[in-house]
1. Go through the stretch 189-216 and count every residue that is assigned to a loop (DSSP other than H, G, I, E, B) and surrounded by fewer than 18 Cβ atoms within 10 Å (Cβ to Cβ).
2. Quick one: would you say Leu108 is at pLDDT 95 or above, among the hydrophobic types (A, V, I, L, M, F, W, C) and not in a strand (DSSP E or B)?
3. Limited to the stretch 67-87, what total is found for residues that are open to solvent by less than 30 Å² (accessible area, probe 1.4 Å) and either among the hydroxyl-bearing types (Ser, Thr, Tyr) or assigned to a loop (DSSP other than H, G, I, E, B) (or both)?
4. Based on this model, can you work out whether Asn25 counts as polar (S, T, N, Q) and either surrounded by 15 or more Cβ atoms within 10 Å (Cβ to Cβ) or touching a residue at least 24 places away in the same chain (Cβ under 8 Å) (or both)?
5. Could you please give the count of residues in the stretch 177-188 that are part of a loop (DSSP other than H, G, I, E, B), open to solvent by 50 Å² or more (accessible area, probe 1.4 Å) and either farther than 22 Å from Val220 by Cα or in contact with a strand residue (DSSP E or B) (Cβ under 9 Å, 6 or more places away or on another chain) (or both)?
6. Residues of the stretch 138-170 being open to solvent by less than 50 Å² (accessible area, probe 1.4 Å), of a type outside the set (Val, Ile, Thr), touching a Ser or Thr at 6+ places or on another chain (Cβ under 8 Å) and in a loop (DSSP other than H, G, I, E, B), which ones?
7. Do we find a residue being open to solvent by 90 Å² or more (accessible area, probe 1.4 Å) and at positive phi anywhere in the stretch 44-54?
8. List pairs: first residue in the stretch 190-201 and closer than 21 Å to Phe235 by Cβ, second residue part of a strand (DSSP E or B) and open to solvent by 10 Å² or more (accessible area, probe 1.4 Å) anywhere in the structure, Cβ distance under 6 angstrom, at least six positions apart or on different chains.
Amino acid sequence: MYTDGTREIRNLVVGFEKPLEYLNNPNYLGACIGRYAGRITNGSFSLDQKQYLLAQKEGIHLHGGNEGFDRKYWNIDKVSHKENPFIQLSYVSPHMEEGYPGTLSITLRYSLEAHGLRITYHAETDKPTLVNLTNHSYFRLDNSNKIDHYNLHLKCSAYLETAPNLLPTGKIKKVEGTVYDFLTSKKIKDLRLDTPFVTDTTKNFIARVSSSLSRLSMQVSSNQPAVVIYTPENFTGICFETQNFPDAPNHSNFPSAILRPEETYYHETLFNFGFVF
């Protein structure tokens, strides 16, 4: 929720009216995605010279499988109502759940700050495994049933080429001279995206979107090397899936998504809200 200069209360996140509706959530509204966000080729990957088979549909493993983290019941560990209130959740994914090796222990925290929401993930494993988590919230900055008038600015000078089935080909291409060039702010218009962008920075904002109708803006910052921008066809919203590269296990030129027992996975994303005048 957000209060603008007219004191109008506005819900900026697309969601359901009733909690039970989230049990049937094919669009992943607001979900935590794991163990691996995005697509994996042929539902398989090789790790330490061993092949692992995952659930697949038409050669694609998507968002962690048939029952990814979006379909799990998480433990509520901590709730704070003090300054910068937060809720902290946890989930333990057992060895070979959905085909992934290693028992993975995840801590997820949602923290409210002065003008935004910070989401942090920590994960540890007892065996080498893959980890790529993200949040799948869709944002809607006004009451329009379109996003064509949204201005989008991305600090992303490259994107991942994808095949018609949206699997990465392995090629990293420059956005300059393409429809994906949002290096300077411009309107989305009728362009619909399901596109992995390579972030240029993990220190400042990687994306900014604003509505010319409500004057509301949202700035996204993250320590992740990529962000998938998704604008669905069947409802109004825009999703910023900060994450590692989709299908990284099957492309040696992509950043590694392997987590080993002596390491800790850490992912942080901040959604900051404000106004454009």
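1. Residues in the stretch 189-216 being assigned to a loop (DSSP other than H, G, I, E, B) and surrounded by fewer than 18 Cβ atoms within 10 Å (Cβ to Cβ): 12 in total.
2. no
3. Qualifying residue count for the region: 2.
4. Yes: the conditions hold for Asn25.
5. Number satisfying all stated conditions: 5.
6. Matches in the stretch 138-170: Leu141, Asp142, Ser144, His149, Cys156, Ala163, Leu167.
7. Within the stretch 44-54, the subset open to solvent by 90 Å² or more (accessible area, probe 1.4 Å) is 48-51, 53.
Okay, now just the ones that are also at positive phi, so 48-49.
Checked the stretch 44-54: at least one residue is open to solvent by 90 Å² or more (accessible area, probe 1.4 Å) and at positive phi.
8. Sorted first by the residue in the stretch 190-201, then by its partner, the pairs are Asp194/Tyr230; Thr195/Tyr159.
The values are calculated or read from the model by the stated rules, or taken from the named source; none is laboratory data. Small disclaimer: the values here were computed from a predicted structure and weren't measured. Reconstructed Cβ throughout: ideal geometry from the backbone, glycine too, with neighbour counts over all protein chains shown. Ligands, DNA and RNA are excluded from the accessible area calculation, which covers all protein heavy atoms including side chains. Shrake-Rupley method; radii C 1.70, N 1.55, O 1.52, S 1.80 Å.
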